[in-house]
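The values are calculated or read from the model by the stated rules, or taken from the named source; none is laboratory data. Keep in mind that this is a model prediction, so the values were computed, not measured. Cβ: placed from backbone, ideal geometry, glycine included. Neighbour counts: every protein chain shown. What goes into the accessible areas is simple: the full protein's heavy atoms, side chains included, and nothing from ligands, DNA or RNA. Shrake-Rupley method; radii C 1.70, N 1.55, O 1.52, S 1.80 Å.
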Amino acid sequence: MITVSAALKIIERQTPKLGAESVALGDAVGRVLADDIVADSDMPPFDRSQMDGYAVRAEDTENAPVSLEIVGESAAGHGWDGTLLPGQAVRIMTGARMPKGADAVQKIELTGSSATGEKSWETGPAVTILEPTKSGRFIVYKGSEIKEGETVIKAGSIVTARKIAPLAASGFGTVNVA
């Protein structure tokens, strides 16, 4: 009599491997990955906002409520390229690149119009930050989800619907499966 693990090793040695084929991600569900999926870049590729709100320097909000000059906007795919200075804020959307000089995001629900005090996107020259925030608040840092060179999914894994998103985020439109 042999152990189960010894029997499995014999089966693995004696079972021929099937050839692999390249298929589109949508056709890969239920198939077995033939290769390790390795990240070719950090995810996210830059520090990004986790909320809609205002990118700020946390120290500028310590004595909230405070009014900060709005100097730009950072949207997903269209970041703001300036450097945030003391007393300034940049309107920022979820997923957008953090501006240089900003170390926190104050969510829109904790801001108000400098003119009316109502909570809304400010269209004027300034925004009122109603509550202080802390450095690092509502920021997803570069590489915090996946680091370049990290194995995202190992060969031999069954591709499930949940694994399609990380494959797509890692830049794969097709994968080798068996």
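Within the span defined as segment 79-92, every residue fails to be open to solvent by 20 Å² or more (accessible area, probe 1.4 Å), in contact (Cβ under 8 Å) with a residue 24 or more places away in the chain and among the aliphatic types (A, V, I, L, M).
Checking the structure you have, find out if any residue of segment 28-37 is among the basic types (Lys, Arg) and surrounded by 15 or more Cβ atoms within 10 Å (Cβ to Cβ). Outline the logic, then answer.
Of the residues in segment 28-37, the ones among the basic types (Lys, Arg) are 31.
Imposing the further condition that a residue be surrounded by 15 or more Cβ atoms within 10 Å (Cβ to Cβ) reduces the set to 31.
Yes, because at least one residue in segment 28-37 is among the basic types (Lys, Arg) and surrounded by 15 or more Cβ atoms within 10 Å (Cβ to Cβ).
Condition check for residue 96 on (1) open to solvent by 30 Å² or more (accessible area, probe 1.4 Å); (2) in contact (Cβ under 8 Å) with a residue 24 or more places away in the chain: one failure, at (1).
Going through segment 38-63 one residue at a time, which ones are buried (at least 17 other Cβ atoms within 10 Å of the Cβ), of a type outside the set (Asp, Glu), touching a strand residue (DSSP E or B) at 6+ places or on another chain (Cβ under 7 Å) and under 21 Å from residue 131 (Cβ atoms)?
Step one: list which residues in segment 38-63 are buried (at least 17 other Cβ atoms within 10 Å of the Cβ), which gives 39, 42-44, 47-49, 51-58, 60-61.
The next check asks that each one be of a type outside the set (Asp, Glu); those that pass are 39, 43-44, 48-49, 51, 53-58, 61.
With the extra rule that they be touching a strand residue (DSSP E or B) at 6+ places or on another chain (Cβ under 7 Å), the set shrinks to 39, 43-44, 48-49, 51, 53-56, 58, 61.
Of everything in segment 38-63, those that are buried (at least 17 other Cβ atoms within 10 Å of the Cβ), of a type outside the set (Asp, Glu), touching a strand residue (DSSP E or B) at 6+ places or on another chain (Cβ under 7 Å) and under 21 Å from residue 131 (Cβ atoms) turn out to be 49, 51, 53, 54, 55, 56, 58, 61.
Quick check: is even one residue across segment 76-89 part of a strand (DSSP E or B) and either closer than 12 Å to residue 132 by Cα or in contact with a Leu (Cβ under 7 Å, 6 or more places away or on another chain) (or both)? Write out each step before concluding.
Within segment 76-89, the subset part of a strand (DSSP E or B) is 78, 83, 88-89.
Now narrow it down to the ones that are either closer than 12 Å to residue 132 by Cα or in contact with a Leu (Cβ under 7 Å, 6 or more places away or on another chain) (or both): 88-89.
Within segment 76-89, one or more residues are part of a strand (DSSP E or B) and either closer than 12 Å to residue 132 by Cα or in contact with a Leu (Cβ under 7 Å, 6 or more places away or on another chain) (or both).
May I ask you to verify whether residue 144 is open to solvent by 70 Å² or more (accessible area, probe 1.4 Å), at pLDDT 95 or above and out of contact with any Phe, Trp or Tyr (no Cβ under 6 Å at 6 or more places or on another chain)?
Working: open to solvent by 70 Å² or more (accessible area, probe 1.4 Å): yes; at pLDDT 95 or above: no; out of contact with any Phe, Trp or Tyr (no Cβ under 6 Å at 6 or more places or on another chain): yes.
Criteria not met by residue 144.
In this entry, residue 137 passes the filter for residues that are assigned to a loop (DSSP other than H, G, I, E, B), open to solvent by 30 Å² or more (accessible area, probe 1.4 Å) and modelled with pLDDT of 90 or more. Filtered by the rule that a residue be in contact with an Asp or Glu (Cβ under 7 Å, 6 or more places away or on another chain), open to solvent by less than 80 Å² (accessible area, probe 1.4 Å) and in a loop (DSSP other than H, G, I, E, B), segment 147-169 gives a lone residue, 155.
Restricting attention to segment 44-75, which residues are assigned to a strand (DSSP E or B) and among the charged types (D, E, K, R)?
48, 69, 73
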